[in-house]
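The next block holds one structure in the form of structure tokens; read it before the comments.
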Amino acid sequence: PNVGKSSLLNRLLNEQRAIVTDIPGTTRDIVCGDIMVDGVRVKLSDTAGIRDDADTVEQIGVDRARKAIQHADLVLLVLDASRPITQQDTDLLALASSRAHLVVRNKSDLPQAAGVPDGIAVSAKTGEGIAELLRHIATHAGQPGETLLTQARHMNLARNAADSLLECAQRVAAGDPLDLCAVYLNDALRALGEITGEQANDDVLDSIFSTFCVGK
Ligand SMILES: Nc1nc2c(ncn2[C@@H]2O[C@H](COP(=O)(O)OP(=O)(O)O)[C@@H](O)[C@H]2O)c(=O)[nH]1
Ligand SMILES: [Mg+2]
């Protein structure tokens, strides 16, 4: 809390959308806004800061923030570079490290503390470094209408998923038993899940196959 996330959202949106105060725990619900970066629409979400000692309402905000991290295409991990790093910062870095993320060192207008991790230096207050941050966001945003698979591992998983889907379709067309076809569908789901980090559970398969009438 208080590192300047809401101030940064407002700066990026060019309007006072989120409430900013010097009281930790001001932001509870997620505040969103869209900006265009290099022709790509980027949806920004400002969340509560992740901390353990939040009151009941803020704690719900913290849970939402955790979920937002899991679903974001890019996580902006905002640190207050004028203060020494905290255990919460370290925990957050660990949380964000499994996701595409940028470390943003906010409050570059203040004297800087030692030991704060490297990142993009910005000041939500003065606007310093914001253009640089937008350039980094643009790099991650990719091209309109397409999602880039940049890792060889992801490319392979996507190919595996496509192969499995093809196999499944051919077997369905050949009249193979649907529970056998489902094995290939399951393979495809698992491969895609490895890319997105989501585990497709049996419920997904169940809901797909509940619409089929499997005669046995
Ligand atoms: N000096 C300075 N203060 C800032 C900056 N960004 C935010 N603040 C102040 O830090 C406090 C917390 O800001 P806020 O945006 O509510 O932080 P959040 O809790 O992370 O959303 C407020 O008093 C802001 O005015 C900055 O870049 N420089
Ligand atoms: Mg806030």
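The values are calculated or read from the model by the stated rules, or taken from the named source; none is laboratory data. The shown structure was predicted, so the numbers you read here are calculated from the model rather than taken from an experiment. As a convention, Cβ positions derive from the backbone with ideal geometry for all residues, glycine included, and neighbour counts pool all protein chains shown. Just so you know, the surface numbers come from the protein's heavy atoms only, side chains and all, with ligands and any DNA or RNA stripped out. Shrake-Rupley method; radii C 1.70, N 1.55, O 1.52, S 1.80 Å.
Please name whichever of S108, L8, I23 sits farthest to the positive end of the charge dipole of the chain, dipole taken about the Cα centre and charges placed at Cβ: Lys and Arg +1, Asp and Glu -1. After comparing all options, I get S108.
In this structure the chain gives 60 Å² per residue of accessible area when probed at 1.4 Å with all protein chains present. Go ahead and set up a Gaussian network model of the chain, Cα springs under 10 Å, then flag whichever of D53, D63, D73 fluctuates most. So, out of D53, D63, D73, the one fluctuating most is D53.
When the accessible area of the chain is split by element with a 1.4 Å probe, what percent falls to carbon and sulfur? The nonpolar share, carbon plus sulfur, comes to 52 percent. Using a probe of 1.4 Å on the protein chains alone, the accessible area found for C32 is around 50 Å².
Between the beta carbons of D176 and Q151, assuming R0 = 45 Å, the FRET efficiency works out to 0.85 to the nearest 0.05. Each helix, a run of at least 4 DSSP H residues, gives -39500 (n - 2.57); summed and divided by the residues of the chain, these come to -14500 deg cm²/dmol at 222 nm.
Within the chain, the ratio Rg/Rh, alpha carbon atoms throughout and Rh by Kirkwood, equals 1.09. Taking label points 7 Å from Cα along the Cα-to-Cβ direction, T86 and N160 give a separation of 4.1 nm. Over all other residues within a Cβ to Cβ distance under 12 Å of C181, the charged ones net out to -3, with Lys and Arg as +1 and Asp and Glu as -1.
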